[in-house]
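Here the structure comes first, spelled out in structure tokens, and everything after it is commentary.
The values are calculated or read from the model by the stated rules, or taken from the named source; none is laboratory data. The model shown is predicted, which means the values in this text are computed figures rather than measured ones. Cβ placement follows ideal geometry from the backbone for every residue including glycine, while neighbour counts extend to all protein chains displayed. Quick note on the areas: whole protein, heavy atoms, side chains included, nothing else; ligands and nucleic acids left out. Shrake-Rupley method; radii C 1.70, N 1.55, O 1.52, S 1.80 Å.
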Amino acid sequence: MKLLAVVVFLFTVGTVCRAEQQKFENYKLYSLYVEDDEQAEELHNWYADGKLDFWSYGTLNDSVTVMVQPDLQEYFEAMLDDVQLESELVEENVQSLLEHEQEKRNLHILSKRRRPQKVPQKPNSTQGELDEDAIDFEHFWTLDEIYRYMDRMERQYPNLVRVLKIGQTYENRSILALTVSRDGHINQTRPVVLVDAGVHAREWASHMSALYLINQLVESADKNEDLLYNTDWIIVPVANPDGYVYSYETNRLWRKNRFAGNVMCVGTDVNRNFPFRWGYTSHSCTDGYAGRTPGSEKETQALMLLMSQFSRSIKMYLSLHSCGEYILYPYGFTFQFVPNEAELHALGTEAAEAVKNVGGPEYIVGQASGLLYLATGSDDFIYGAYGVQYAYTLELSCGNRGYGFIIEPDQIEPIAAETFEMMKVFGMHAGSLKISKRP
């Protein structure tokens with residue numbers, strides 16, 4: 001299966017490196033119909049030159065969407081003619097999409113201030129007590145909201161939840177993991193499902209889906225006992241806190257971390273920085289920059305140490321990204337199949353069916369190397385370095401608009417709920433696996 005980037009963003013070095021509030025006036029969206037490898041290779045060349053930024057994924061012989069910077073418009077159209085790419089203009093001004101999203105966020109803040117929120121009734125709570133942190137899945141949470149929620153879950157459910165600090169970012173923000181176990185902590189006597197989200201800062205649906213998972217496992221634990229009886233969970237809802245804050249406050253389309261020690265431009269793609277089959281990229285101004293050296297980034301190191309700490313009991317690894325509706329498994333750096341490819345594909349297909357059974361989109365299951373370009377990632381690392389036999393990257397749904405990771409707030413919960421259906425399948429399977437005994 002040959003996969004191809006669905007939404008692409010063209011940019012200049014200067015645009016990416018600017019730190020001030022980023023605007024995207026007169027950037028245009030085109031729908032392209034990609035039919036052959038020559039067309040796919042041309043798009044890949046643009047990416048390698050730092051002109052393309054992937055928003056989501058698709059297949060050959062299907063429509064894909066690209067965003068074109070104003071000063072590359074003529075160059076882009078000439079390329080379309082050269083490789084005979086069929087195109088259709090679908091959006092005149094991308095900035096209008098971003099402003100629409102910001103308006104939705106502002107409206108939610110206003111409505112939250114105007115109407116009192118009530119705490120869900122729990123032991124020792126008071127009827128009608130007001131709570132500024134009452135949760136909803138109708139807006140994208142800030143990092144502060146996310147961390148307050150994690151802290152509250154630990155305080156309210158001490159026999160089920162622990163919050164662990166697994167690292168510190170370049171800008172001195174904590175990287176937190178939340179564990180869920182009916183023993184109160186992970187003692188490595190049961191199989192563990194490790195879930196991370198937000199490795200790529202702008203993919204906000206991934207953060208929210210991880211938080212929805214926490215909500216279901218913890219606050220609705222009585223309804224999901226089967227996911228906790230034989231299985232423990234470790235969830236990192238924001239693997240790239242600096243990048244997330246920057247995408248929330250400054251540049252909505254920011255993807256990397258915020259490491260400022262590069263020669264030219266800020267940031268490293270955390271997912272490309274893992275040391276298993278790491279590939280050097282010299283252009284620090286591209287969104288796929290792999291870093292100065294393998295495992296150089298603090299976010300990468302935090303996840304690697306977490307994987308190492310629980311390597312004996314981690315039996316399932318799930319990295320949430322947005323978007324594309326794909327369930328991908330190792331390897332991404334080579335076309336060679338892994339030994340248990342059939343089992344990975346079968347379980348992925350079962351998860352895809354679970355989404356379809358609740359009226360969700362049809363997920364495509366396949367090896368990650370079927371993407372437009374070969375690249376390693378966190379799933380390759382944990383599979384190759386620690387032997388975790390079930391490792392997946394989940395490219396979540398794009399919602400009903402289809403503009404990549406820019407989704408409407410009313411799509412947050414449906415996407416998260418669909419993702420939870422996949423989590424049920426993966427979690428139950430993990431619970432059926434045996435962990436190795438201590439030597």
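Couple of notes before you dig in:
- Only one of R202, R173 that is crowded, with 23+ Cβ neighbours inside 10 Å and basic (K, R): R202
- Hits in segment 59-91 (condition: out of contact with any Ser or Thr (no Cβ under 6 Å at 6 or more places or on another chain) and hydroxyl-bearing (S, T, Y)): T59, Y75, S87
- Odd one out for I235 among (1) under 19 Å from the mean Cα position of the chain (by Cα); (2) open to solvent by 10 Å² or more (accessible area, probe 1.4 Å): (2)
- Residue count for segment 396-419 under the criterion of being open to solvent by 10 Å² or more (accessible area, probe 1.4 Å) and not hydroxyl-bearing (S, T, Y): the result is 13.
- Of the residues examined, P158 is not one that is surrounded by 19 or more Cβ atoms within 10 Å (Cβ to Cβ) and either farther than 28 Å from L98 by Cβ or polar (S, T, N, Q) (or both).
- Segment 1-108 holds helices (runs of 4 or more DSSP H) entirely within its bounds, and those carrying 3 or more residues that are surrounded by 15 or more Cβ atoms within 10 Å (Cβ to Cβ) and at pLDDT 90 or above map to 73-83.
- Checked against the criterion of being in contact with a Lys or Arg (Cβ under 7 Å, 6 or more places away or on another chain) and of a type in the set (S, T, N, Q), the candidates T286, T281, T268 yield just one match: T268.
- Members of segment 176-199 that are open to solvent by less than 10 Å² (accessible area, probe 1.4 Å) and either within 26 Å of G288 (Cβ to Cβ) or outside any loop (DSSP other than H, G, I, E, B) (or both): A177, L178, T179, V180, V192, V193, L194, V195, D196, A197, G198, V199
- Test: residue in segment 296-310 that is surrounded by fewer than 24 Cβ atoms within 10 Å (Cβ to Cβ) and at pLDDT below 95: no
- Residue check: Y326 meets all listed conditions (1) surrounded by 16 or more Cβ atoms within 10 Å (Cβ to Cβ); (2) modelled with pLDDT of 95 or more; (3) of a type outside the set (A, V, I, L, M, F, W, C) but one, namely (2).
- For S436: the one exception among (1) part of a helix (DSSP H, G or I); (2) surrounded by fewer than 19 Cβ atoms within 10 Å (Cβ to Cβ); (3) of a type in the set (S, T, Y): (1)
- Residue count for segment 166-193 under the criterion of being more than 23 Å from L228 (Cβ to Cβ) and in contact (Cβ under 8 Å) with a residue 12 or more places away in the chain: the result is 8.
- Taking each residue of segment 199-221 that is in contact (Cβ under 8 Å) with a residue 60 or more places away in the chain and looking for partners that are among the hydroxyl-bearing types (S, T, Y) and in a helix (DSSP H, G or I) with beta-carbon atoms closer than 6 Å, six or more apart or interchain, yields R202/S247; S209/T419.
- Residue match in segment 430-439 (condition: within 30 Å of Y27 (Cβ to Cβ), modelled with pLDDT of 95 or more and not polar (S, T, N, Q)): no
The rows are residues; the columns are (1) closer than 27 Å to I166 by Cβ; (2) of a type in the set (A, V, I, L, M, F, W, C).
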{"residue": "G261", "(1), (2)": "yes, no"}
{"residue": "G267", "(1), (2)": "yes, no"}
{"residue": "P275", "(1), (2)": "yes, no"}
{"residue": "E297", "(1), (2)": "yes, no"}
{"residue": "L303", "(1), (2)": "yes, yes"}
{"residue": "I327", "(1), (2)": "yes, yes"}
{"residue": "A346", "(1), (2)": "no, yes"}
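- Considering segment 217-332, the qualifying helices (runs of 4 or more DSSP H), each wholly inside and each with 2 or more residues that are more than 26 Å from L97 (Cα to Cα) and out of contact with any His (no Cβ under 8 Å at 6 or more places or on another chain), run over 226-229, 298-309.
- Some residue of segment 336-356 being in contact with a helix residue (DSSP H, G or I) (Cβ under 7 Å, 6 or more places away or on another chain), outside any helix (DSSP H, G or I) and more than 18 Å from F381 (Cβ to Cβ): no
- Looking only at segment 347-374, residues that are surrounded by fewer than 21 Cβ atoms within 10 Å (Cβ to Cβ), in contact with an Asp or Glu (Cβ under 7 Å, 6 or more places away or on another chain) and under 23 Å from F333 (Cβ atoms) come to 1 in all.
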